[in-house]
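The values are calculated or read from the model by the stated rules, or taken from the named source; none is laboratory data. Computed from a predicted structure; not experimentally measured. Here the Cβ is made from the backbone with ideal geometry for all residues, glycine too, and neighbour counts use every protein chain on show. Note: accessible area is taken over every heavy atom of the protein model, side chains too, but ligands, DNA and RNA are not part of it. Shrake-Rupley method; radii C 1.70, N 1.55, O 1.52, S 1.80 Å.
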Amino acid sequence: MNILVINCGSSSLKYQLINSDSEEVLAKGLCERIGIEGSAITHQPKDGEKITAQVEMKNHTEAVKYVIEKLTDERVGVVKSLSEIGAVGHRIVHGGEKFANSVVINDAVLEAIEECNDLAPLHNPANLIGINSCKAIMPNVPMVAVFDTAFHQTMPRKAYLYGLPYEYYENHKVRRYGFHGTSHDFVSKRAAEILGKDRKELKMIVCHLGNGASITAVKNGESIDTSMGLTPLEGLIMGTRSGDLDPAIISFLCEKEHKTATEMIDICNKKSGVLGLSKGLSSDFRDLGQAAEEGNELAKAALETYSYRVAKYIGAYVAAMNGVDVIAFTAGVGENNGSVRADILGYLGYLGIETDQEKNGIRGEEVIISKPGSRVTAMVVPTNEELAIARETVRLIK
Ligand code: ADP
């Protein structure tokens, strides 16, 4: 069966059509600047050339219409008609405490997702628009919602509560939720598979290091703690996000810089992280690595601070699980940047990890990077959130 995987943002829509039997990506693409002047669709069929077309997309429903048009196009299409799309899997950012698993979408589910809008005001409304647009174009195709937060709903109370008045949890649902759950679940499952072990018998730490970055303690197959919080701003230093801060910094800087709290949080989300630390040089680790090699001290400081934070979180999660068997790296930086991985692993000698420098030089592949006989296995496991969403979709509609 062919599954259309949709990841809808406020002005963008990413898609992949995946054959769930072969797990092959038949086509993928992106609609950009939806509702803004200059909107365009980029479409990449599996055996063909990537094409970009400037087309006016006033809203997401029009975008979905173009996606279907491209998927069924005579020249660049990969299926003959809409009837060859068996189901749609939607990535939904926030499921609050309502969703601990993926679900088949119906009216009650739509309502419940809407009730979580408050918790992710930039993302959930866009995700809902994506669902409604697909429903408008494909009213009879079953749809599934896969939540970024769901995998973390197994966290115990002691991991998700903040040290705030309890009423804020009761009244406003302020607690740790965590994100990238689909990736942490996929990678921990795959890592256990590669090692020929049962995930239920392992203590694992998954480091999802992309533009956004988070780290999760997976014990006996369940998320027991994770670094992102109420929003994706908490935890690791990221491409442009600050990660953990003393909360008093916000009001301090609001006064000094004459900004509102909302403006400061925007800076913490978009202008901080390694981008901010390097004084705007780049949020991209390739640029930073190169600048550091050329002697740029700020780039070096950004990279050092980044790795140090990851190592501290690993230490915390080793304590939380009373040990660790596997540390897995994934996402853009985790999969491709051996230098960042080596820096992080350099802090972990106390765990008996010895890095195999040659294996650590391999990029973007499943590979064990600790030396044989290491007490803890360090490995790289490329993530694939779209495939995970397609698998969930098939599992639920069968
Ligand atoms: P997103 O969170 O947007 O999905 P990614 O997982 O693609 O982000 O991660 C983006 C980061 O991955 C960038 O900092 C980039 O430098 C890094 N990255 C991606 N590909 C490579 C590569 N081939 N070599 C080194 N770094 C890479």
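For the reader, a short list of remarks on this structure follows.
- If the condition is being surrounded by fewer than 19 Cβ atoms within 10 Å (Cβ to Cβ), more than 11 Å from the ligand (Cβ to nearest atom), at pLDDT 95 or above and not in a loop (DSSP other than H, G, I, E, B), then region 331-349 contributes Ala342, Asp343.
- Per the listing Arg157, Arg175, Arg190, the residue uniquely touching a helix residue (DSSP H, G or I) at 6+ places or on another chain (Cβ under 6 Å) and at pLDDT 95 or above is Arg175.
- Residue check, Asp356 more than 16 Å from the ligand (Cβ to nearest atom) and touching an Asp or Glu at 6+ places or on another chain (Cβ under 9 Å): no
- In region 312-341, the residues that are within 16 Å of Ser183 (Cβ to Cβ) form Cβ pairs under 6 Å with partners that are polar (S, T, N, Q) and in a strand (DSSP E or B), at six or more places apart or across chains, as follows: Val326/Thr377.
- In region 212-246, the residues that are within 20 Å of Asn337 (Cα to Cα) and either among the hydrophobic types (A, V, I, L, M, F, W, C) or away from the ligand (no atom under 16 Å from the Cβ) (or both): Ala213, Ile215, Leu236, Ile237, Met238
- Those residues of region 7-49 which are open to solvent by 50 Å² or more (accessible area, probe 1.4 Å) and more than 24 Å from Ala388 (Cα to Cα), in sequence order: Arg33, Gly35, Ile36, Glu37, Glu49
- Close Cβ contacts (under 9 Å, 6 or more residues apart or on different chains) running from residues in region 279-291 that are hydrophobic (A, V, I, L, M, F, W, C) to residues that are open to solvent by 70 Å² or more (accessible area, probe 1.4 Å) and within 10 Å of the ligand (Cβ to nearest atom) comprise Leu281/Asp287; Phe285/Ser339.
- Of all residues in region 272-298 being more than 16 Å from the ligand (Cβ to nearest atom) and in a loop (DSSP other than H, G, I, E, B), the one that is most open to solvent (accessible area, probe 1.4 Å): Lys279
- Ser81 satisfies every condition listed in (1) buried (at least 18 other Cβ atoms within 10 Å of the Cβ); (2) free of Cβ contacts under 8 Å to residues at least 24 places away in the same chain except (1).
- Of the residues Ile369, Ile353, the single one that is buried (at least 23 other Cβ atoms within 10 Å of the Cβ), more than 23 Å from Glu23 (Cβ to Cβ) and more than 19 Å from the chain's Cα centre (by Cα) is Ile369.
Matching residues to (1) under 17 Å from Ile314 (Cβ atoms); (2) in a helix (DSSP H, G or I); (3) open to solvent by 30 Å² or more (accessible area, probe 1.4 Å):
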{"position": "Glu365", "(1), (2), (3)": "no, no, yes"}
{"position": "Leu387", "(1), (2), (3)": "no, yes, no"}
{"position": "Glu392", "(1), (2), (3)": "no, yes, yes"}
{"position": "Leu396", "(1), (2), (3)": "no, yes, yes"}
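- Within region 250-271, tally of residues that are within 16 Å of the ligand (Cβ to nearest atom) and either surrounded by 17 or more Cβ atoms within 10 Å (Cβ to Cβ) or among the β-branched types (Val, Ile, Thr) (or both): 1
- Candidates Val109, Val78, Val144, Val67: the one that is assigned to a loop (DSSP other than H, G, I, E, B) and modelled with pLDDT of 95 or more is Val78.
- Taken together, Ala301, Ala328, Ala320 contain a single residue that is modelled with pLDDT of 95 or more, more than 14 Å from the ligand (Cβ to nearest atom), outside any helix (DSSP H, G or I) and of a type in the set (A, V, I, L, M), which is Ala328.
- Arg309 being touching a residue at least 24 places away in the same chain (Cβ under 8 Å), basic (Lys, Arg) and open to solvent by 20 Å² or more (accessible area, probe 1.4 Å): yes
- Within region 154-188, the residues that satisfy the criterion of being open to solvent by 40 Å² or more (accessible area, probe 1.4 Å) and closer than 12 Å to Ser223 by Cβ are Thr154, Pro156.
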